[in-house]
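Some notes on the structure that comes next.
FYI, it's all coordinate maths here, none of it is from the lab. Not measured: the values here are computed from a predicted model. All Cβ positions, even for glycine, are placed from backbone atoms using ideal geometry, and neighbour counts span all protein chains on display.
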Amino acid sequence: MKDDHTHPLRHSGEDRAATQGVPDTPQTRAPSYKLAFTDDDFMCRDELRPVRWQLELLKPEILMNEADVQSTVVMFGGARIPDPVNKDTARTQTLADLTAFYDEARTFARMMTERSLRDGGRDNVVVTGGGPGVMEAGNRGAVDAGGRSIGLNIVLPHEQAPNEYVTPELCFNFHYFATRKMHFLMRASVVTVFPGGFGTLDEMFEALTLIQTGRMTKVPFLLFGRDFWEKIINWDALADAGTISPDDLKLFRFVDTAEEAIAAIDAWDGAGQKRAEIPGR
């Protein structure tokens, strides 16, 4: 842990250690006596929600700054898409067919990490949701390249653990979905979206909305699997209805392979710029 203790006052860690050796009395056992920042029950009170939200924003930010992560390649995608070697365990034939994108995600992450390492490993660090499926493939590809990657896990009602390929010191866990999504995009230099379900759709549309409205700079935004995405979303119908502008369909591109994705990133026009006007408004 980085120690920035430069002031003359007693350090909070010292007091935390000191409280472990106080006499055992009714007074010292009382919850009110606990230091506020070491009192789990107090920290979980409803009134402390703004503080917990702030802590979830600060902790990954501080640790990623200390790890010198400058920019990230975001990889969204379904948790239910298995490694092709486990294709026969897929719950549906469609999921079995989509295992090809596990391999593409792994290859893409490897290629981007190799690029990152050539430039010092500070930029274009792969970040996933830290779970199974496409997320596992992304972190695994970074390991294949000998690099590091980030996992932004979320506590769910059913058991969930980080996949084994996330770099341990860059493995985070969140209570708030909103804070987690902020960390996905705060350093994003590229956004990729692989086939997935509700969570993937939520992440994709929130990121697209931020770019559409000029709240986020344009970045290469790639949807892996044209057939999948055009089957589940009628993009042209949105433009024809006027609920989005035809220009909004230029904010992203379809790709099917890691090689196509790399070529699209290299040729991307307008990256780093924000929309000054929203077409159709």
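Asp248 fulfils the conditions (1) over 22 Å from Asp202 (Cβ atoms); (2) crowded, with 18+ Cβ neighbours inside 10 Å; (3) charged (D, E, K, R) except for a single criterion, (1). When Leu156 is tested against the conditions (1) farther than 26 Å from Arg226 by Cβ; (2) touching a residue at least 12 places away in the same chain (Cβ under 8 Å); (3) outside any helix (DSSP H, G or I), the lone failure is (2). The residue that is surrounded by the fewest Cβ atoms within 10 Å (Cβ to Cβ), among those in the range 80-104 that are assigned to a loop (DSSP other than H, G, I, E, B) and β-branched (Val, Ile, Thr), is Thr92.
Identify all residues within the range 128-172 that are among the charged types (D, E, K, R) and under 20 Å from Met64 (Cβ atoms); write none if there are none. Within the range 128-172, Arg148, Glu169 meet the criteria.
How many residues does the range 198-215 hold that are over 16 Å from the mean Cα position of the chain (by Cα) and either surrounded by 13 or more Cβ atoms within 10 Å (Cβ to Cβ) or in a helix (DSSP H, G or I) (or both)?
Number satisfying all stated conditions: 4.
Checking each residue in the range 132-148 for being surrounded by fewer than 24 Cβ atoms within 10 Å (Cβ to Cβ) and within 16 Å of the chain's Cα centre (by Cα) picks out Pro132, Arg140, Arg148. Taking every residue in the range 48-73 that is closer than 24 Å to Ala142 by Cβ and pairing it with any residue that is of a type in the set (Gly, Ala, Ser), at least 6 positions away or on another chain, the pairs with Cβ-Cβ distances below 6 Å are Ser71/Ser189; Thr72/Ala188. Taken as a whole, the structure places Thr107 among residues that are assigned to a helix (DSSP H, G or I), surrounded by fewer than 24 Cβ atoms within 10 Å (Cβ to Cβ), among the hydroxyl-bearing types (Ser, Thr, Tyr) and touching a residue at least 12 places away in the same chain (Cβ under 8 Å). Residues that are in contact with a Leu (Cβ under 8 Å, 6 or more places away or on another chain) and assigned to a loop (DSSP other than H, G, I, E, B) were ranked within the range 32-79; the one that is nearest to Phe108 (Cα to Cα) is Gly78. Number of residues in the range 159-197 that are over 28 Å from Ile211 (Cα atoms) and assigned to a helix (DSSP H, G or I) equals 2.
Closer than 19 Å to Gly225 by Cβ, assigned to a loop (DSSP other than H, G, I, E, B), basic (Lys, Arg) and out of contact with any helix residue (DSSP H, G or I) (no Cβ under 7 Å at 6 or more places or on another chain): does that describe Arg122? No, not satisfied. For Lys231, the conditions (1) in contact (Cβ under 8 Å) with a residue 24 or more places away in the chain; (2) over 19 Å from Asn124 (Cβ atoms); (3) of a type in the set (Lys, Arg) are fulfilled apart from (1).
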